[in-house]
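Here the structure comes first, spelled out in structure tokens, and everything after it is commentary.
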Amino acid sequence: MAKSKYEYVRQFELDDKLLKNVWMVVRIDGKGFHNFSSMHDFLKPNDLAALNLMNCAAKGVMSELDDIFIAYGQSDEYSFIFKRSSTLYGRRRSKILSTVVSLFTSCYVLNWGVYFENKTIKYPPSFDARVVLYPTERDVRNYLSWRQADCHINNLYNTSFWTLVSKGGLTTSEAEKKLSGTVSSDKHELLFSDYGINYNNEPEIFRKGSTIMRCKYTDDNGRMRKSLQILSCDIIGDDFWFDHPHLLEG
């Protein structure tokens, strides 16, 4: 192909290739989602339709990018873990980040009407993204454990907060003041003693978030098929990883 005299400008592009032989984690976060959820009347403390839409968008990303072997999401965030051997886009940071966040956003908007049949989207949502590299299996597991622990902490607080507002008649300022300085056991006790709510019986998708993993199965014709499975389970303990040892092999 003939080159023009202007092609020299490519020399100004940054060489942003990521290190080889480490796990790449791309995490996307909703930008201004407090306002977005309020504008669209999301249920508090959790809107199941909104969470299912996030899961749908994440599955859309994984359907396009085979190098993602597991993803974890909660609230308005999702983390995508790429296998260590991935050579996607030559491991260029900018290409990987822009592809993941644009795919996720487009899938979110495209499928809005599936989960919110009676709500028109009022303005386009946006997400930011970052990529972090982790050198060991333990680091990857600890990262996912961190995000799931964050899910539990935030959801327990939000469940207590909005229960005080919706059932206790407190203002948001009063609820915030009442929960100030409390620990996990205090919130459990408040929910159960005052409102008859056993937090451990709340839906697991609220308490543990959503994990999407690739799995294989044999169809009725004996052919091997691949699918994406969504789970709401504990990924901090060892049982999940013992049951799925293949996840960290690549």
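The values are calculated or read from the model by the stated rules, or taken from the named source; none is laboratory data. Every value quoted in this text rests on a predicted model; they were computed, and no experiment measured them. Here Cβ is always computed from backbone atoms with ideal geometry, including for glycine, and neighbour counts include all displayed protein chains. We work out accessible area using only protein heavy atoms, side chains counted, and drop any ligands, DNA or RNA first. Shrake-Rupley method; radii C 1.70, N 1.55, O 1.52, S 1.80 Å.
In order along segment 110-124, the phi-based Karplus estimate (6.51 cos²θ - 1.76 cosθ + 1.60, θ = phi - 60°) of 3J(HN,Hα) comes to 4, 9, 3, x, 5, 9, 10, 5, 9, 10, 8, 5, 8, 7, x Hz; Gly and Pro are listed as x. What are the GluC sites (Glu not before Pro) within segment 71-145 that DSSP puts in a loop, where the Cβ has at most 15 other Cβ atoms within 10 Å? Answer by residue number: E117.
Comparing S79, S193, S63 in a Gaussian network model of the chain where C-alpha atoms under 10 Å apart are linked, the largest mean-square fluctuation is found at S193.
The portion of the accessible surface of the chain made up by carbon and sulfur, rounded to a whole percent, is 51 (1.4 Å probe; DNA, RNA and ligands excluded). Highest GNM mean-square fluctuation among D76, D29, D194, for the chain modelled with Cα contacts below 10 Å: D194.
A helix-only calculation puts the chain at -13000 deg cm²/dmol for mean residue ellipticity at 222 nm, using -39500 (n - 2.57) for each DSSP H run of at least four residues, averaged over all residues. Taken over segment 1-114, the convex hull of the Cα atoms encloses 157 Å³ per residue. Could you please state, rounded to a whole Å, how far the C-alpha centre of segment 104-132 is from the C-alpha centre of segment 142-167? First find each Cα centre; the distance between them is then 23 Å.
In this Cβ point-charge picture (+1 for Lys and Arg, -1 for Asp and Glu), segment 79-182 has a dipole of about 440 debye about its Cα centre. In the Gaussian network model of the chain, springs joining C-alpha atoms below 10 Å, which of G113, G222, G168 carries the largest mean-square fluctuation? So, out of G113, G222, G168, the one fluctuating most is G222.
For N46, no residue has an amide H sitting under 5 Å from its own, ignoring neighbours fewer than 5 places away on the same chain, with H placed 1.01 Å from N.
Backbone amide hydrogens, once placed in the peptide plane, bring R92 within less than 5 Å of L18, excluding anything fewer than 5 places away on its chain.
3J(HN,Hα) couplings calculated from phi for segment 43-58 with the Karplus curve 6.51 cos²θ - 1.76 cosθ + 1.60 (θ = phi - 60°) are, in sequence order, 5, 10, x, 9, 10, 4, 4, 5, 5, 5, 5, 4, 4, 4, 5, 5 Hz; Gly and Pro show x. The dipole here belongs to segment 136-223: it is taken about the Cα centre, uses +1 on the Cβ of Lys and Arg and -1 on the Cβ of Asp and Glu, and is about 240 debye. Given the alternatives (i) 8, 17, 14, 12, 11, 9, 8, 6, 5, 4, 3, 2, 1, 0, 0; (ii) 6, 26, 30, 22, 11, 3, 1, 0; (iii) 6, 21, 20, 17, 13, 12, 9, 3, 0, P(r) over Cα pairs in 10 Å bins from 0, in percent as computed for this entry is given by (ii).
The distance between label points at K226 and S166 comes to 4.0 nm (points 7 Å beyond Cα on the Cα→Cβ vector). Note that segment 172-186 has calculated 3J(HN,Hα) couplings of 4, 5, 5, 5, 4, 5, 5, 8, 4, x, 7, 10, 4, 5, 5 Hz, one per residue in order, obtained from phi through the Karplus relation 6.51 cos²θ - 1.76 cosθ + 1.60 (θ = phi - 60°); glycine and proline are x.
Projecting the Cα atoms of A71, H34, F242 onto the charge dipole of the chain (Cβ charges, centred on the Cα centre) puts A71 farthest toward the positive pole. Charged side chains reduced to their Cβ positions (Lys and Arg at +1, Asp and Glu at -1) give the chain a dipole of some 1040 debye around its Cα centre. Along the chain, the longest continuous region that contains none of the trypsin sites (Lys or Arg not before Pro) in a DSSP loop with at most 15 other C-beta atoms within 10 Å is 32-118.
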